[in-house]
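Here is the structure we will look at, set down as structure tokens.
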């Protein structure tokens, strides 16, 4: 794998069987290196979430191969943050303990992570009683506490109000800035967010990678119109 965090070779993923079989991904070949900021874009149902789940190991490939760096530390955030019905601090402590941190050390690490996202004052609040934006900040703090080599995000700001969206995006950008060797891989429909956060864009259509470009090239209309007509049509539709 050299220094890559992930290497996918002709990877495919399908759900179901027979007539209800759905081909979520097909023929995906790519690699992701430390420090990259990769945006996954495309229409609904194109395979963005499936690719993130394949990278994270939540699904095994139906065909092809997915290789991960040895002892890779990953954390994933979803559009609807998953938090347990317990205090905010305990949510983080439990994640650290499951990851192998001795329980006696979890409180200090969890408190430091909450400090980074401005949530210390809510440490004892039941995480399920927080707003969507606050829950997503808890999820980010939990990820930060694990010191991941890769942060995977599946539309993490899509269901938030504009203020919460800006807060979460700023925290993601801060994570990337403070962890320059960590990779960021995120799915987004927000092209402004892609411009702000990504260095590389992977465009998917019907489960296939149709373009894998530097972010400047992805938004270069002359380039994509000539070499990637599918991307050009997508950008025209999204930017109307």
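Read the figures in this text as sums done on the coordinates, not as results from a lab. What you are looking at is a predicted structure, and each value in this text was computed from that prediction instead of being measured. Ideal geometry is used to build each Cβ from the backbone, glycine not excepted, and the neighbour counts take in all protein chains shown.
Which of the following residues is in a loop (DSSP other than H, G, I, E, B), without any contact (Cβ under 8 Å) to a residue 60 or more places away in the chain, within 17 Å of the chain's Cα centre (by Cα) and over 19 Å from residue 160 (Cβ atoms): 58, 84, 72? Result: 58 is the single residue among 58, 84, 72 that is in a loop (DSSP other than H, G, I, E, B), without any contact (Cβ under 8 Å) to a residue 60 or more places away in the chain, within 17 Å of the chain's Cα centre (by Cα) and over 19 Å from residue 160 (Cβ atoms).
Scanning the stretch 147-201 for residues being over 19 Å from residue 40 (Cβ atoms) and part of a helix (DSSP H, G or I) gives a total of 10. If the condition is being under 20 Å from residue 75 (Cα atoms) and touching a strand residue (DSSP E or B) at 6+ places or on another chain (Cβ under 9 Å), then the stretch 174-192 contributes 175, 176, 179, 182, 183, 184, 185, 186, 187, 188.
When residue 195 is tested against (1) over 18 Å from residue 29 (Cβ atoms); (2) in contact with a helix residue (DSSP H, G or I) (Cβ under 7 Å, 6 or more places away or on another chain); (3) crowded, with 17+ Cβ neighbours inside 10 Å, just one condition goes unmet, and that condition is (3). Just one residue in the set 159, 131 is surrounded by fewer than 23 Cβ atoms within 10 Å (Cβ to Cβ) and more than 22 Å from residue 52 (Cβ to Cβ); that residue is 131.
Can you tell me how many residues in the stretch 91-133 are outside any loop (DSSP other than H, G, I, E, B) and without any contact (Cβ under 8 Å) to a residue 24 or more places away in the chain?
Residues that pass the stated criteria total 15.
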